[in-house]
Amino acid sequence: MKVVVADDYEDLSRRAAAWLHRTLAGINNPTVVLPTGNTPVGLYRNLAADPNSQFLGNARFIQLDEYQGIPREDSRTLAGWFWRVFLQPLSIRKSALLSFDPSVPDPDGEAERMDAAATQTGIDVCVLGLGQNGHLGFNEPGSDFKSRTRVVDLSEESIKSNAAYWGDKGQVPRRAFTLGLATLASSKHTLLLVSGAHKAGILTATLKAPQSPQVPATCLKSFRDVTVIADRSALPAGD
Ligand code: PGA
């Protein structure tokens with residue numbers, strides 16, 4: 001894994017936008033997985049301000065994760081979040097995003113449908129945030145590295161961190177869809193974004209601990225072409 005050190009969050013966001021631009025150059029009609037969460041917001045802001053962001057115009061996006069068991073029009077859907085922070089500011093049509101339907105009566109079938117779609121085209125580029133518990137998407141601690149797209153129960157830690165998005169824990173749905181770790185591993189290029197001192201411990205584990213499902217992000221060591229952009233505050237002490 002290549003580790004790039006950013007001075008601060010703004011620098012991380014600029015570098016992430018430049019990485020995406022560079023990596024997508026030359027790929028026709030790329031399939032791209034992008035995250036929601038607080039970390040990528042600066043990346044999306046930079047892309048929206050870039051007059052050359054039309055390089056994203058031919059991309060097809062696959063949703064990384066989504067809550068399960070809420071209505072499609074619920075204000076907490078991650079597809080809605082993605083629309084507000086990424087698609088809409090960049091004037092990208094909604095249909096460019098292949099999304100999970102959080103309300104389907106057959107969630108397992110929905111997960112299979114999304115996995116088949118990701119497998120069919122392959123993932124060219126994937127950008128990920130890092131959960132404080134080491135999750136990627138909603139692949140929570142204990143997730144098999146061979147896992148495919150599926151429905152999961154959110155860990156207590158994810159419910160707690162997601163409470164910050166929606167006001168309190170009671171607002172956080174308890175189940176979610178996530179692209180699986182093996183599904184993500186098929187990506188040709190992966191970027192992990194890590195910002196803030198509260199992520200320093202888990203970033204150390206991601207970079208230095210032996211691979212283990214208890215820290216799902218350690219699976220990145222087996223992915224092709226992985227770049228980590230971390231700001232100084234997220235870096236392990238002494239690095
Ligand atoms: P954050 O979430 O970007 O809001 O820190 C990351 C994650 O939980 O994957």
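The values are calculated or read from the model by the stated rules, or taken from the named source; none is laboratory data. Note that the structure is predicted; figures quoted are calculated from it, not measured. Backbone-built Cβ (ideal geometry, glycine too); neighbour counts: all protein chains shown. Accessible surface areas use protein heavy atoms only, side chains included; no ligands, DNA or RNA. Shrake-Rupley method; radii C 1.70, N 1.55, O 1.52, S 1.80 Å.
Each residue, GLU10 and PHE145, gets one label point 7 Å from its Cα in the Cβ direction; the gap between the two is 4.0 nm. Placing +1 on the Cβ of every Lys and Arg and -1 on the Cβ of every Asp and Glu, with no other charges, gives the chain a dipole of roughly 420 debye about its Cα centre.
For the chain, report the accessible area per residue in Å² (1.4 Å probe, heavy atoms, rounded to an integer).
Values: 10260 Å² over 239 residues.
I get 43 Å² per residue for the chain.
Surface composition of the stretch 41-126: carbon plus sulfur atoms contribute 49% of the solvent-accessible area (1.4 Å probe, protein chains only, all chains present).
Is the C-alpha gyration tensor of the chain telling us rounded, prolate or oblate? Criteria: a/c under 1.5 is rounded; beyond that, a/b larger than b/c is prolate, otherwise oblate.
Values: a/c = 1.31, a/b = 1.07, b/c = 1.22.
The shape class here is rounded.
A straight line joining the Cα centroids of the stretch 121-199 and the stretch 1-71 runs 16 Å.
Beta-bridge orientation, the chain: approximately 30 percent antiparallel, per DSSP, counting only bridges with both partners inside.
Given the DSSP H assignment, sum -39500 (n - 2.57) over each helix run of at least 4 residues in the chain and divide by its residue total; what's the result at 222 nm in deg cm²/dmol, nearest 500?
On the way: 7 runs with 70 residues, N = 239.
It lands at -8500 deg cm²/dmol.
Principal axis extents of the C-alpha atoms in the stretch 51-108 (largest first, rounded to whole Å): 41, 21, 15. Which pairs in the list LYS199/LYS221; LYS169/LYS208; LYS160/LYS188; LYS94/LYS188; LYS2/LYS160 are over 21 Å apart, alpha-carbon to alpha-carbon? Table pairs above 21 Å Cα-Cα are LYS169/LYS208; LYS160/LYS188; LYS94/LYS188; LYS2/LYS160. Remark: the stretch 191-206, residue by residue, has Karplus-estimated 3J(HN,Hα) of 10, 10, 10, 9, 9, x, 4, 5, 9, 4, x, 6, 5, 4, 4, 4 Hz, where x stands for each Gly or Pro and the curve is 6.51 cos²θ - 1.76 cosθ + 1.60 at θ = phi - 60°.
So the label point goes 7 Å from the Cα of THR119 along Cα→C-beta, right? Which residues of the stretch 163-184 then have their backbone N under 15 Å from it? Counting backbone N atoms under 15 Å from the label point, the list is 179-184.
Which order do the peptides 61-70, 168-177 take when ranked by the mean count of other beta-carbon atoms within 10 Å per residue, highest first? Working shown, then result.
On the way: 61-70: 21.4, 168-177: 16.1.
Result, highest mean first: 61-70, 168-177.
Can you bin the stretch 24-127 into rounded, prolate or oblate? Criterion: square roots of the alpha carbon gyration tensor eigenvalues sorted a ≥ b ≥ c, rounded for a/c under 1.5, prolate for a/b above b/c, oblate for the rest. Before the final figure, lay out the partial values.
Working: a/c = 2.29, a/b = 1.35, b/c = 1.69.
In terms of gyration-tensor shape, oblate.
Taking R0 as 30 Å, what's the FRET efficiency between LYS94 and ALA18 from their Cβ-Cβ distance, rounded to 0.05?
The value I calculate is 0.70.
Across the chain, the relative contact order, built from alpha-carbon pairs under 8 Å that are at least six residues apart, equals 26 percent.
Can you bin the stretch 105-239 into rounded, prolate or oblate? Criterion: square roots of the alpha carbon gyration tensor eigenvalues sorted a ≥ b ≥ c, rounded for a/c under 1.5, prolate for a/b above b/c, oblate for the rest. Judged from the Cα gyration tensor, the stretch 105-239 comes out oblate (a/c at least 1.5, b/c at or above a/b). Below 15 angstrom from the Cβ of PHE55, what's the summed charge of the other residues (Lys, Arg +1; Asp, Glu -1)? Net charge around PHE55: 0.
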